[in-house]
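Read through the structure below, which is laid out as structure tokens, and then see the notes.
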Amino acid sequence: MARGYDDIVVVVPTTEPYVRRSEHGAAWFIARVLGAMLRRSGLAKDAIDGLCLSSLTLAPDTAVAFTQHAGLSPRFLEWLPMGGASGVVALRRAARAVQAGDAEIVACIAGDTANATSFTDLIENFSSFSRDAVYPYGAGGPNASFALITDAYMRGFGATRADFGRLCVAQRANARRNPLALLREPLTLEAYLAARPIAEPLHLFDCVMPCAGAEGFLVMRRARAEALGLRGVRLLGAIERHNAYADDPVQMRGGWAIDREALWAQAGVAPDAINLVQVYDDYPVIAFMQLEDLGFCGKGGAAAFVRDRDLTVAGDFPVNTGGGQLSAGQAGAAGGYLGLVEAVRQLAGEAAGRAVPDARHALVSGFGMINYDRGLCTAACVLAAP
Amino acid sequence: MRAAAAAGRFALQRCGACGRAQYPPRAFCTACLSDNVEWEVLAFAPGTLLARCRLHHSNALRFRPALPLDLGLVRLDAGPVAVCFLAGVPAIGAGVTVRARLDVAGHPVLDAAA
């Protein structure tokens, strides 16, 4: 079993509020989060000696360029182009760097801008495979890829649109308690089912709204956090896997299924100890797969699982307690941080108005990068309250 | 692949070392990493329809007049999986025939028909 994470903690979960469109570049959003984290922690910029950065719209720059933009001089630097897996992977990298002494305080940030052409530019050249073998088929972007996966999943396991709708409606109820969520109007199952088709079987409320924004947190040892007067959320276990099950003809499972036993063993808790779950939800079908592949229910059982539970913050199985990307918006790579930042807020007692009662343990899962016909990056972690 | 598609033929990559067929094309074999990958030029490729979707929104203006577009995920009998335009309404699990052509932008694309 991989070594545990000792006294590594996560502090100052921070969001630069999302906006539908922005004139600012990605670096501006990233710097806003960095500045806010420094103010909240009381740390000087020079104290940040590690940086993990993710962005889909920072090009032609990377994390390297950002150090000069922001006047940072880190001795540990990660550029993590892993989309929806970025947050968990950043935490995993940062925790190991601090454990090993390669850095003392690592800032983990993802941020992206959005304007009239940023999204279409992104999908046109997302990867060489998608440019050659997906984009020419109607330029549907991730909607088309996930429509095919959703179609196969519905046929394979008997899931219905209403099953996906229950998740979307619950997440909207959670978003209504989150002032940072962009979509807070009430959503009923009837309205979900009546929405216009985008890429059938996907309809409007199955798809995230691209937007601009950023998310971040700091990783350090607990003693350092306490000296700063910060309540640190502990990292109990973390996994990642890339290009799992390459021979499956359609993606019906992800790398979590390979690594979940390692995750729960490292964390020292079982799924029934989890008080809230943050799954990556660019589309509901992948949220269902995470519930299955991480061991909350059997394969193909997510529809029945969701039917029997209340997924709101007041319910018996709170999922995506801030509304998830489906209601908060998808700020590019920050979508891969959204659930992690929300989980840290919940466990640190900072989720005012939507706190899950007595939350001790959270599971956060990430999923990223539809390189051709499936998402390649999977990651997950288990966090514990201070 | 482009030259073959211009002639209405589907050029499928196959490894000269281990025989593995692959799609989308790449510079080396995904199985054994040999760079001895060859083109197998076919009149058509048989396959099975795994999943379908109907696209009502496109991010590129050039596709919008053609909406809605039916797309399918086809497992070629040769092994790999290909995203294709769907012609007609082949049933899921049914055999389809995949042919290549150049689209108006000069890009090779695949059509799957019952």
Filter the range A:111-139 down to the residues that are within 22 Å of the chain's Cα centre (by Cα) and part of a loop (DSSP other than H, G, I, E, B), then identify the one that is farthest from the other protein chains (Cβ to nearest Cβ).
A:T113
Among the residues of the range A:25-57, write down those that are basic (K, R) and under 16 Å from A:T113 (Cα atoms).
A:R32
Regarding A:V19, is this residue over 20 Å from A:R234 (Cα atoms), of a type in the set (A, V, I, L, M, F, W, C) and either in contact with a Ser or Thr (Cβ under 6 Å, 6 or more places away or on another chain) or buried (at least 16 other Cβ atoms within 10 Å of the Cβ) (or both)?
yes
For the range B:30-52, state whether one or more residues are assigned to a strand (DSSP E or B), hydroxyl-bearing (S, T, Y) and touching a strand residue (DSSP E or B) at 6+ places or on another chain (Cβ under 7 Å).
yes
Would you mind finding the one in B:A105, B:A82, B:A78 that is assigned to a loop (DSSP other than H, G, I, E, B) and in contact with a helix residue (DSSP H, G or I) (Cβ under 9 Å, 6 or more places away or on another chain)?
B:A105
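Residue by residue, here is whether (1) touching an Asp or Glu at 6+ places or on another chain (Cβ under 6 Å); (2) buried (at least 19 other Cβ atoms within 10 Å of the Cβ) holds:
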site: A:L218; (1), (2): no, yes
site: A:E240; (1), (2): no, yes
site: A:G295; (1), (2): no, no
site: A:R309; (1), (2): yes, no
What pairs come out if I take residues in the range B:17-44 that are within 14 Å of chain A (Cβ to nearest Cβ) and pair them with residues that are loosely packed, with under 12 Cβ neighbours inside 10 Å and hydrophobic (A, V, I, L, M, F, W, C) whose C-beta lies under 9 Å away, six or more apart or interchain?
B:T30/A:A246
Residue list for the range A:227-243, filter: basic (K, R) and outside any strand (DSSP E or B)
A:R231
Failed item, numbered, when A:Q99 is tested on (1) of a type in the set (S, T, N, Q); (2) surrounded by fewer than 24 Cβ atoms within 10 Å (Cβ to Cβ); (3) more than 30 Å from A:Y5 (Cβ to Cβ); (4) away from every other protein chain (no Cβ under 14 Å):
(3)
Please state which of the following conditions A:R172 fails to meet, knowing it meets all the rest: (1) under 24 Å from A:E342 (Cα atoms); (2) surrounded by fewer than 23 Cβ atoms within 10 Å (Cβ to Cβ); (3) of a type in the set (D, E, K, R).
(2)
Residue under question is A:D281, and the condition is that it be among the acidic types (D, E), out of contact with any strand residue (DSSP E or B) (no Cβ under 7 Å at 6 or more places or on another chain), crowded, with 24+ Cβ neighbours inside 10 Å and assigned by TED's automatic domain parsing to the domain that holds A:G375; does it hold?
yes
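Yes/no matrix, rows are residues, columns are (1) more than 30 Å from A:G50 (Cα to Cα); (2) in contact with a helix residue (DSSP H, G or I) (Cβ under 6 Å, 6 or more places away or on another chain); (3) within 14 Å of chain B (Cβ to nearest Cβ); (4) of a type outside the set (V, I, T):
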position: A:A147; (1), (2), (3), (4): yes, no, yes, yes
position: A:A159; (1), (2), (3), (4): yes, yes, yes, yes
position: A:L167; (1), (2), (3), (4): yes, yes, no, yes
position: A:V219; (1), (2), (3), (4): no, yes, no, no
position: A:A227; (1), (2), (3), (4): no, no, no, yes
The lone exception for B:R52 - which of (1) within 30 Å of A:I198 (Cα to Cα); (2) in contact with a Phe, Trp or Tyr (Cβ under 9 Å, 6 or more places away or on another chain); (3) within 9 Å of chain A (Cβ to nearest Cβ) it fails
(2)
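Give me a count of the residues in the range A:184-217 that are among the acidic types (D, E), in a strand (DSSP E or B) and within 14 Å of another protein chain (Cβ to nearest Cβ).
Looking only at that region, the number is 1.
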Which numbered condition trips up A:A152, out of (1) part of a helix (DSSP H, G or I); (2) in contact with a strand residue (DSSP E or B) (Cβ under 7 Å, 6 or more places away or on another chain); (3) under 30 Å from A:L230 (Cα atoms)?
(3)
Count of residues meeting criterion [in a helix (DSSP H, G or I) and within 16 Å of A:E104 (Cα to Cα)] in the range A:35-61:
6
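The values are calculated or read from the model by the stated rules, or taken from the named source; none is laboratory data. Small disclaimer: the values here were computed from a predicted structure and weren't measured. Note: ideal-geometry Cβ built from the backbone for every residue, glycine included; neighbour counts use all protein chains shown.
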